Amino acid sequence: MANTYSQIYIQVVFAVQGRQNLLQKEWRADVFKYMAGIIKNKGQKPIIVNGVDDHVHTFIGLKPAIALSDLIRDVKNNSTNFINQNHWVKGKFSWQEGYGAFSYSHSQIENVYNYILNQETHHAKQTFKDEYLELLKKFDIEYDEKICI
């Protein structure tokens, strides 16, 4: 076969180090736009990047040319540098180690997009911890609650 064709949609969720509320509303849209640019520059499709003050959701159309772990490592490293260079946080900003990755079918794109778009409304009712544990359970992913969050 001469070409590679794929249809892989991944939602990736990761938190600020210590789940601190550091992503301030005044500048977090700039960070999310910057993250989307990293994803695009790596040859991937950033469907949406959004979050609240303590965590981020990215929804990516992933091509098999790059490992997801390499992509997320680059997104986290480069966005950390971007935040620190802009001095938006007192001290040094960093992301928590690890992430959650959840796959979806093409028919679920709109629902996942809307869910990520409405993070502020969603988190007025549910904590990040509860949301993350719900995702892990929904996708039947084994975890140790003591160390996963």
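When the criteria are applied in full, Ala124 meets the requirement of being modelled with pLDDT under 95, over 16 Å from Ala36 (Cβ atoms), loosely packed, with under 14 Cβ neighbours inside 10 Å and of a type in the set (Gly, Ala, Ser). May I ask you to verify whether Asn111 is more than 25 Å from Glu142 (Cα to Cα) and not hydroxyl-bearing (Ser, Thr, Tyr)? In short, no. Only residues that are under 13 Å from the mean Cα position of the chain (by Cα) and of a type in the set (Phe, Trp, Tyr): list them for segment 49-99, please. Within segment 49-99, Phe59, Trp95, Tyr99 meet the criteria.
Taking the options Pro64, Pro46, name whichever one is farther than 14 Å from Gly100 by Cα, out of contact with any strand residue (DSSP E or B) (no Cβ under 7 Å at 6 or more places or on another chain) and not in a helix (DSSP H, G or I).
The unique qualifying residue is Pro64.
Contact map, segment 86-110: residues that are surrounded by 13 or more Cβ atoms within 10 Å (Cβ to Cβ) paired with residues that are of a type in the set (Ser, Thr, Tyr), Cβ distance under 8 Å, separation 6+ or inter-chain. Pairs shown: Phe93/Thr80; Ser94/Thr80; Trp95/Ser79; Trp95/Thr80; Gly100/Tyr132; Tyr104/Tyr9; Gln108/Tyr9; Ile109/Tyr9. Across segment 1-24, the qualifying residues are those that are in contact with a strand residue (DSSP E or B) (Cβ under 9 Å, 6 or more places away or on another chain) and part of a helix (DSSP H, G or I), and the one among them that is surrounded by the most Cβ atoms within 10 Å (Cβ to Cβ) is Arg19.
The values are calculated or read from the model by the stated rules, or taken from the named source; none is laboratory data. All values reported here derive from a predicted model rather than from experimental measurement. All Cβ positions, glycine included, derive from the backbone under ideal geometry; neighbour counts span all protein chains shown.
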